[in-house]
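Read the figures in this text as sums done on the coordinates, not as results from a lab. If you're wondering where the values come from, they're calculated on a predicted model, not measured in any experiment. When we count neighbours, we look across all protein chains shown, and the Cβ atoms used for this are built from the backbone with ideal geometry, even at glycine.
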Amino acid sequence: MADWQKLLRQRSIASLQQLVEKFGPEQFPDLDRLQQAIDNFELRISPAMVDLIKEPGDPIWRQYVPDLQELEVVDGVPDSLNEDENSPVPNITHRYPDRALFLVSPVCAAYCRFCTRRRKVGDPQKIPMSQFESAFQYLAEHKEIRDVILSGGDPLLLSDRRLDQILSRLRQITHIEIIRIGSRVPCHLPERITPELCGILRKYHPLYINTHFNHPDELTAPAVQGLGMLADAGVPLGCQTVLLKGVNDDPDVMKELMQKLLAARVRPYYIYMCDQVAGAEHFKTTVETGLEIIKGLRGWTSGLAVPHFVIDAPGGGGKIPLLPEYVVRITEDEVVLRNYRGKRYVWRQPRDEEALVGAGGREPEYDFLPTFEAEPAEKNAKKAKRRNKRVA
Ligand code: SF4
């Protein structure tokens, strides 16, 4: 057994009894009902996440410690993204034209209580490892698929040998250009990122990893070191963050997270609205909260630190981007825009192409003309007065 497997087995919290021993019985007044929540969805808190919990109810606790609110289902559903309906063969979801999701691992180092795939992960029966053949065959037959995303569960919890085999089989399918791995291992179990693992991954480029961090505290020294090892192995790193009530629904927390990710060589890729999953509804927050977070990032920090904010449409509609209102008005002649400070600017639309050619092919104008409509007339008048004085 590899060291990281031993660590996971020996130091994780994986039962209600261990949870009570660690944090005290006073934190868990209704053990029977809490056990029900655990029966619905596996419990495991990896050693790194156990060490990060500072107090009950903090952002790390909320992500991993089961809660009675999981039993209150309002409008959540088990498969909110309709992945099973878009599954032509076991373990494959094929929704988008040129890419497919391949579920290769039923387990994770820690189980996030908000998990969209909580109906499947944690139970080896539900992502059958013995049925990969039909998945490989499907991918080989569908030449339009040029991008395969390995997910689960967490693909990096597979043994080195198994992962090597899967990647090698995928690379034999010549129309697959890109392999992506979705993994929370850099956060949950950074000890898993070994030189041997990096040696395997570097054989199969172009290979990308989208990792998943939700709070700045998760960027621990071992996590940053693991991410550095992956980056040194030539793996471009992205991050998919889920917007979660009581965890990161705050512009300052998100800004710190995005900045820390960039410093750890990870490009923030998505912030997702929490999906409408049964058992995870207490994590939902409003779209307006997400838009405020994006407003707090765009312009106020590096553009590289600003991810796409999306809703993965309920029912399987795919990711739909959401943007704060930067466009005030579009007409044939101009576009009125609002910048990150709320000031308005006008961008002139290009003139009619044919008319321009007829007039000697003059280039259209693309100048930004600052206006200050957003400021009160009185303030503008004072400014004009000062300007006139200076000119005089
Ligand atoms: S690591 Fe990913 S798949 Fe596993 S429980 Fe967390 S969100 Fe779900």
* Using the beta-carbon distance between Gln131 and Lys203 and R0 = 25 Å, what value does 1/(1 + (r/R0)^6) give for FRET efficiency, to the nearest 0.05? -> 0.50
* Asked: What's log10 of I(q)/I(0) for the chain at q = 0.11 Å⁻¹, Debye sum over Cα points only, no solvent?
  -> -0.86
* Once the Cβ-Cβ distance between Val73 and Glu288 is put in as r, and R0 is 30 Å, what FRET efficiency do you end up with, to the nearest 0.05? -> 0.80
* Structure fact -> Longest principal axis of the chain (C-alpha) makes with the long axis of helix 160-171 (C-alpha) an angle, in degrees to the nearest 10, of 50
* Of Lys54/Lys260; Lys203/Lys260; Lys54/Lys319, pairs whose Cα-Cα distance is over 30 Å -> Lys54/Lys319
* To do: Taking the Cβ of Ala100 as the centre, find all other residues whose Cβ is under 10 Å away and add up their charges (Lys, Arg: +1; Asp, Glu: -1).
  => 0
* Residue with peak Gaussian network fluctuation, the chain [Cα springs, cutoff 10 Å], from Leu170, Leu337, Leu207 -> Leu337
* Asked: Among the DSSP beta bridges whose two residues both lie in the chain, what percent are antiparallel, rounded to the nearest 5?
  -> 40
* To do: Return the distance in nm (one decimal) between the two label points of a simple spin-label model at Gln18 and Val328, each offset 7 Å from Cα along Cα→Cβ.
  => 5.7
* Structure fact -> Dividing the surface of the Cα convex hull of the stretch 220-311 by four yields a projected area in nm² of 6.3
* Structure fact -> Mean-square fluctuation maximum in Gaussian network of the chain, Cα pairs under 10 Å, restricted to Pro206, Pro29, Pro59, hits Pro29
* Mind checking which of Ala109, Ala223, Ala313 has the largest fluctuation in a GNM of the chain, springs on alpha carbons under 10 Å? -> Ala313
* Asked: Helix 31-40 versus the longest principal axis of the chain: what is the Cα-based angle in degrees, 0 to 90, to the nearest 10?
  -> 80
* Structure fact -> Any residue on another chain or 5+ positions along whose placed amide H is under 5 Å from the amide H of Tyr208 is listed here as Ile179, Arg180, Ile181
* To do: Please say if the stretch 92-321 is rounded, prolate or oblate, where rounded means a/c under 1.5 for a ≥ b ≥ c the square roots of the C-alpha gyration tensor eigenvalues, and otherwise the choice is prolate for a/b larger than b/c and oblate otherwise?
  => prolate
* Asked: What is the sum of charges around Glu325, taking Lys and Arg as +1, Asp and Glu as -1, for the other residues whose C-beta is under 13 Å from the C-beta of Glu325?
  -> +3
* **Global geometry of the stretch 3-71, whether rounded, prolate or oblate, following the gyration tensor of its Cα atoms and the 1.5 cut on a/c** => prolate
* Give, as a single signed number, the net charge of other residues whose beta carbon lies under 15 Å from the beta carbon of Cys198, with Lys and Arg counted +1 and Asp and Glu -1. => -1
* Cα-based shape type of the stretch 1-115, given that a ≥ b ≥ c are square roots of the gyration tensor eigenvalues and the cut on a/c is 1.5 -> oblate
